Ligand code: NAD
């Protein structure tokens with residue numbers, strides 16, 4: 001039986017991992033703690049460790065794990081910005097789940113848009129309090145409106161199809177446009193900002209697009225614009241966003257991600273005073289809807305994450321070469337083993 005130490009466990013992680021683990025001869029030990037220097041020693045005696053987006057996998061942690069004989073680290077997510085891949089090179093093999101359900105995120109984005117546009121979140125609270133007034137609940141028809149989609153990859157494409165079902169016109173911006181998409185008008189980013197009634201972000205966070213929504217771009221937007229971000233928090237400058245809401249330039253904001261979410265999201269802070277003034281101010285606005293990085297959270301996505309992760313484990317012990325292994329930035333670009341479909345080390 002292969003034994004894996006599973007960090008930062010949440011109750012919703014366990015059923016799918018138990019099911020796929022049993023099928024493939026893998027035993028998981030579930031730890032609530034996140035992986036860090038302090039908790040790395042819990043992995044003693046295991047064959048590998050499994051982590052999520054907020055576990056710390058820096059050089060120190062990697063060295064501790066390696067000293068314990070760990071040679072396998074599994075990310076049960078797509079991103080790996082929390083892992084020092086260079087430090088892992090030559091020591092610990094790292095695998096991820098590049099895609100688990102683009103539908104989950106696209107459907108969450110459209111749910112947020114519909115909820116905020118039609119003030120469903122306000123109506124829900126009112127009627128529970130026997131307040132049946134409709135004042136301030138007026139929304140807009142989505143039909144015939146312009147939706148601006150930034151990033152037309154797996155999630156963006158599904159989001160576009162859903163919007164087209166509503167009869168919306170689609171403006172899009174992507175560094176690498178897909179001109180095979182029908183009824184999509186690719187435009188420059190500034191033009192998208194100027195012409196869109198609603199803007200939804202579906203691109204990765206890179207050094208060049210950090211704070212792509214800031215004072216400058218908000219100034220370009222239509223008055224009353226609705227902004228939806230299910231991608232990465234740092235795509236938006238939250239302070240400028242707040243100003244845009246206060247000046248009534250922005251009609252509504254839907255966020256599933258927030259730049260400083262690291263120590264806040266995924267946990268119950270209801271008994272605490274929130275130190276983050278910007279987040280507290282955003283949450284106090286009637287036209288801001290925030291979910292706690294939950295866009296991925298469907299049964300299908302959780303099953304796909306468990307299926308791919310357990311396949312990664314089996315393939316590692318079979319010594320297979322997998323596309324799901326990360327690039328370690330080893331610096332040997334001319335002679336890249338990964339490109340040659342060989343094991344990096
Ligand atoms: P993808 O790789 O299929 O598509 C990303 C698209 O963005 C590509 O077409 C790419 O060319 C484009 N792109 C890259 N850099 C860009 C830039 N600077 N400006 C505009 N476009 C750019 O990825 P995906 O599966 O569609 O995921 C999109 C994003 O969704 C991810 O990067 C991630 O940040 C986010 N995501 C969020 C959740 C969640 O739970 N909230 C879950 C999964 C993914």
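List the number of the failed condition for residue 181; all other conditions in (1) more than 9 Å from the ligand (Cβ to nearest atom); (2) in a loop (DSSP other than H, G, I, E, B); (3) in contact with a strand residue (DSSP E or B) (Cβ under 7 Å, 6 or more places away or on another chain) hold.
(3)
Being surrounded by fewer than 18 Cβ atoms within 10 Å (Cβ to Cβ) and away from the ligand (no atom under 15 Å from the Cβ) is the filter here, so list the residues in the range 156-168 that pass it.
Correct list: 164, 165, 166, 167.
Scan the range 1-14 for residues that are touching a residue at least 40 places away in the same chain (Cβ under 8 Å) and either more than 17 Å from residue 71 (Cα to Cα) or assigned to a helix (DSSP H, G or I) (or both) and jot them down.
Once the filter is applied, which keeps residues that are touching a residue at least 40 places away in the same chain (Cβ under 8 Å) and either more than 17 Å from residue 71 (Cα to Cα) or assigned to a helix (DSSP H, G or I) (or both), the range 1-14 yields 8, 10, 12, 13.
Would the range 321-328 turn up any residue that is at positive phi, surrounded by fewer than 15 Cβ atoms within 10 Å (Cβ to Cβ) and part of a loop (DSSP other than H, G, I, E, B)?
Looking through the range 321-328, none of the residues is at positive phi, surrounded by fewer than 15 Cβ atoms within 10 Å (Cβ to Cβ) and part of a loop (DSSP other than H, G, I, E, B).
In contact (Cβ under 8 Å) with a residue 60 or more places away in the chain and in contact with a helix residue (DSSP H, G or I) (Cβ under 7 Å, 6 or more places away or on another chain): is that true of residue 198 in this structure?
Spelling it out, residue 198 is indeed in contact (Cβ under 8 Å) with a residue 60 or more places away in the chain and in contact with a helix residue (DSSP H, G or I) (Cβ under 7 Å, 6 or more places away or on another chain).
Identify all residues within the range 19-47 that are surrounded by 15 or more Cβ atoms within 10 Å (Cβ to Cβ) and outside any strand (DSSP E or B); write none if there are none.
Matches in the range 19-47: 20, 21, 31, 34, 35, 36, 39, 40, 42, 43, 46, 47.
Since residue 302 meets every condition but one in (1) farther than 25 Å from residue 71 by Cα; (2) in contact with a helix residue (DSSP H, G or I) (Cβ under 6 Å, 6 or more places away or on another chain); (3) touching a residue at least 24 places away in the same chain (Cβ under 8 Å), which condition does it not meet?
Single failed check for residue 302: (1).
Being within 26 Å of residue 193 (Cα to Cα), more than 17 Å from the chain's Cα centre (by Cα) and either free of Cβ contacts under 8 Å to residues at least 60 places away in the same chain or surrounded by 15 or more Cβ atoms within 10 Å (Cβ to Cβ) (or both), is that true of even one residue in the range 271-280?
yes
Condition test on residue 322, is it within 16 Å of the ligand (Cβ to nearest atom) and touching a residue at least 40 places away in the same chain (Cβ under 8 Å)?
In short, no.
Cβ-Cβ below 6 Å, separation at least six or inter-chain, first residue in the range 174-185 and in the same structural domain as residue 147 (by TED's automatic domain parsing) and within 21 Å of residue 204 (Cβ to Cβ), second within 12 Å of the ligand (Cβ to nearest atom) and not in a loop (DSSP other than H, G, I, E, B): which pairs?
177/186; 184/172
If you take the residues of the range 196-222 that are more than 18 Å from the chain's Cα centre (by Cα) and within 18 Å of residue 156 (Cα to Cα), which of them is surrounded by the fewest Cβ atoms within 10 Å (Cβ to Cβ)?
197
Mind checking which residues of the range 90-126 are surrounded by 20 or more Cβ atoms within 10 Å (Cβ to Cβ) and more than 23 Å from residue 256 (Cα to Cα)?
92, 93, 94, 95
The values are calculated or read from the model by the stated rules, or taken from the named source; none is laboratory data. This structure is a prediction, so every number in the text was calculated from the model and none was measured. Quick reminder, even Gly has a Cβ in these numbers, built from the backbone with ideal geometry, and neighbours come from all protein chains shown.
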